[in-house]
Amino acid sequence: MRGKLWFIGGLAAGFVLGARAGREKYEEIVQQARKVMDNPTVQEAKGTAQAQANRLMSEGKDRLSHSKLGEKMSSGTHDHNHAGTNGLTSSTTSSSSAAPTKPMP
């Protein structure tokens, strides 16, 4: 019985010390991640990626709304008085001279 108590006490001490060391390592990782995210180059890349994603989403919505599937989806709604109820309308206009975009991997 005495051996079991020592074993359980050792487990408890190991857990507490490991948790403390784990928390410190976690805080270190979080601090490094914040440094990376605050880097101006990373911020610029983040903005560029967000702008690209927004543009591609708008183009996709526009293309879908002008496709046969988009026409079926919009004609299938019962409320024709409210534009945008089907989520397929876009605030951007498409240009026929726009170059096709490559799909992102």
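In plain terms, the chain from Q32 to L64 could stretch by 7.3 nm, reckoned as 0.36 nm per residue minus the Cα-Cα distance. Our compactness index for the stretch 2-67, the C-alpha radius of gyration over the empirical 2.2 N^0.38 Å, is 2.30. In order along the stretch 43-60, the Karplus-derived 3J(HN,Hα) couplings, from 6.51 cos²θ - 1.76 cosθ + 1.60 at θ = phi - 60°, round to 4, 5, 5, 4, x, 5, 5, 5, 5, 5, 5, 5, 5, 5, 5, 5, 5, x Hz, and Gly and Pro are given as x.
Counting only lysines at least 8 places from K72 when in the same chain, those with an alpha carbon closer than 20 Å to its own are K61. So if we plug the beta-carbon distance of A19 and A53 into 1/(1 + (r/R0)^6) with R0 = 35 Å, what FRET efficiency do we get, rounded to 0.05? Here the calculated transfer efficiency is 0.35.
The label point for F7 and the one for A45, both projected 7 Å from the Cα toward the Cβ, are 5.0 nm apart.
Read the figures in this text as sums done on the coordinates, not as results from a lab. The structure presented is a predicted model; accordingly, all values stated were derived computationally and were not measured. Neighbour counts are summed over all protein chains in view; Cβ atoms, including those assigned to glycine, are modelled from backbone coordinates with ideal geometry.
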